[in-house]
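Working notes, structure below.
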Amino acid sequence: MAITKIVITGGPCAGKTTAMSWIQNAFSQQGYTVLFVPETATGLITGGVAPWTCGSNLDYQKCQVKLQIEKERIFEQAAKSMPSEKILIVCDRGVIDNKVYMTQDEFDKVMDFVGGNEVQLRDNYDAVFHLVTAAKGAKEFYTTDNNKARIESIDEAVELDTKLISAWTGHPHFRIIDNATDFEKKMRRLLQEISSFIGTTKPYEIERKFLIEYPDIEWLESQANCQRIEIIQTYLKTDNDDEVRVRQRGVDGHYIYFQTTKYRVNDVKRIEVERRLSESEYLRLLMNADTSMKQIRKTRYCLTFENQYFEIDVYPFWDDKAIVEIELSDENDPIKFPEQLKLIKEVTEDDYYKNINLAKNL
């Protein structure tokens, strides 16, 4: 059984409700059992539980976050009992959406209340897809009439959309679907992104890698739309040509763990499979580390800029350069680099800058 849990998020009037219908139709036809976790805030507010009816916003947020976590657990529990080989759980907003409606102090108190932390709750989802509000680039279609819980003006919708993107920045697979096309094509782009992620179609993302001058760390860490992630990557011994690595990913003592295996198909093609690990599984696999290769440690800055998602890797053995990667939907898509990132050259096809070769040669 393969269970994939994704989030559909976005600013007000972004098309989430319509997107759920498109997702249901598209993936049911492809053999998936599609489950939808309904938006928690709308249900609570229309039922009379709201920040303005509870004792305080903090009281309300404790209720909302706890209910949302429990709802997702119930859906996952139910999914495991279903006689289906492929299940797609679609969350109408994720736990981290709630962060934008709280102060940092309130958010910290909610985390203590539910016994969680931001890294684990954010990265608990396999992928996150953000639909940009119509207030950004399609103002003529912005309305509050189709959702009783929606009260934001156009300016407030833009501000909220930006905050949501910042809140989810740092997730391992975060995609932004903007309003550069008409609404139907926006929905089709969303389906393409989901299809590519779960592997129902041939992956079409094109990853490009660039060597840049050592970035201004102070500037990166001052950006609301940038998150720092600490990564430790260890390659394991194998009996064949497969490439197997385990990765610890997180910050401030809060981590998640992955195993990635690249299977050799022929001289030029490999299939990459990734799975989530528990901490105990990760520690056990570390016992099989390939000691002929260095462990790769790096600080990754995930930066959203102009609806693009950059991953900037800073290595401890370089003090004059770094690597930035970006995934594109089309090889002809233009890349808009922030002026603070100073490009040296593209190294997409340069094997020297691949992590496995850095591990071998440093």
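Odds and ends about this structure:
- Among residues of region 103-132 that are of a type in the set (S, T, N, Q), those with a Cβ under 7 angstrom from a residue that is open to solvent by less than 60 Å² (accessible area, probe 1.4 Å), sequence gap 6+ or separate chain, pair up as 117/111; 120/256.
- Hits in region 326-347 - residues which are under 19 Å from residue 305 (Cβ atoms), part of a loop (DSSP other than H, G, I, E, B) and modelled with pLDDT of 90 or more: 335, 336, 337, 338, 339, 340, 341, 342
- Residues of region 119-150 that turn out to be in a loop (DSSP other than H, G, I, E, B) and either within 20 Å of residue 187 (Cβ to Cβ) or at pLDDT below 90 (or both), as a count: 16
- Residue pairs whose Cβ atoms lie under 7 Å apart, separated by 6 or more positions or on different chains, with the first residue in region 284-313 and part of a loop (DSSP other than H, G, I, E, B) and the second open to solvent by 60 Å² or more (accessible area, probe 1.4 Å) and not β-branched (Val, Ile, Thr), are 288/237; 290/237; 293/360; 294/362; 306/336.
Let's see how each residue does on (1) of a type outside the set (A, V, I, L, M, F, W, C); (2) out of contact with any Leu (no Cβ under 6 Å at 6 or more places or on another chain); (3) over 24 Å from residue 192 (Cβ atoms); (4) touching a residue at least 12 places away in the same chain (Cβ under 8 Å):
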residue: 2; (1), (2), (3), (4): no, yes, no, yes
residue: 26; (1), (2), (3), (4): no, no, no, yes
residue: 32; (1), (2), (3), (4): yes, no, no, yes
residue: 54; (1), (2), (3), (4): no, yes, yes, no
residue: 66; (1), (2), (3), (4): yes, yes, yes, yes
residue: 72; (1), (2), (3), (4): yes, yes, yes, yes
residue: 77; (1), (2), (3), (4): yes, yes, yes, no
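- Scanning region 226-243 for residues that are open to solvent by 40 Å² or more (accessible area, probe 1.4 Å) and either farther than 22 Å from residue 293 by Cα or not polar (S, T, N, Q) (or both) returns 227, 228, 230, 237, 239, 241.
- Among the residues of region 120-133, those identified as among the aliphatic types (A, V, I, L, M) and open to solvent by less than 10 Å² (accessible area, probe 1.4 Å) are 127, 128, 131, 132.
- Meets criteria (open to solvent by 40 Å² or more (accessible area, probe 1.4 Å), over 25 Å from residue 13 (Cβ atoms) and at pLDDT below 95) for residue 83: yes
- With respect to the conditions (1) part of a strand (DSSP E or B); (2) open to solvent by 40 Å² or more (accessible area, probe 1.4 Å), residue 246 falls short on a single one, namely (2).
- Residues of region 301-319 that are under 27 Å from residue 177 (Cα atoms) and either open to solvent by 20 Å² or more (accessible area, probe 1.4 Å) or more than 14 Å from the chain's Cα centre (by Cα) (or both): 305, 306, 307, 308, 309, 311, 312, 313.
- Considering residues of region 86-118 that are in a helix (DSSP H, G or I) and of a type in the set (D, E, K, R) only, the residue most open to solvent (accessible area, probe 1.4 Å): 112
- Taking the criterion of being more than 21 Å from residue 85 (Cα to Cα), open to solvent by 20 Å² or more (accessible area, probe 1.4 Å) and of a type in the set (Gly, Ala, Ser), the only residue of region 12-29 that qualifies is 21.
- Look at (1) free of Cβ contacts under 8 Å to residues at least 60 places away in the same chain; (2) open to solvent by 40 Å² or more (accessible area, probe 1.4 Å); (3) closer than 25 Å to residue 23 by Cβ and you find that residue 151 fails only one, number (3).
- Residue list for region 26-60, restricted to those being touching a strand residue (DSSP E or B) at 6+ places or on another chain (Cβ under 9 Å) and either among the polar types (S, T, N, Q) or assigned to a strand (DSSP E or B) (or both): 28, 30, 33, 34, 35, 36, 37, 40, 42
- The set of residues from region 202-225 being at pLDDT 95 or above and open to solvent by less than 60 Å² (accessible area, probe 1.4 Å) comprises 210, 211, 212, 215, 217, 219, 220.
- Residue count for region 212-232 satisfying the condition of being farther than 14 Å from residue 251 by Cβ, touching a helix residue (DSSP H, G or I) at 6+ places or on another chain (Cβ under 6 Å) and either assigned to a strand (DSSP E or B) or of a type outside the set (S, T, N, Q) (or both): 1.
The values are calculated or read from the model by the stated rules, or taken from the named source; none is laboratory data. Every value quoted in this text rests on a predicted model; they were computed, and no experiment measured them. Here the Cβ is made from the backbone with ideal geometry for all residues, glycine too, and neighbour counts use every protein chain on show. Side chains are part of the model used for accessible areas, which takes the heavy atoms of the whole protein and leaves out ligands, DNA and RNA. Shrake-Rupley method; radii C 1.70, N 1.55, O 1.52, S 1.80 Å.
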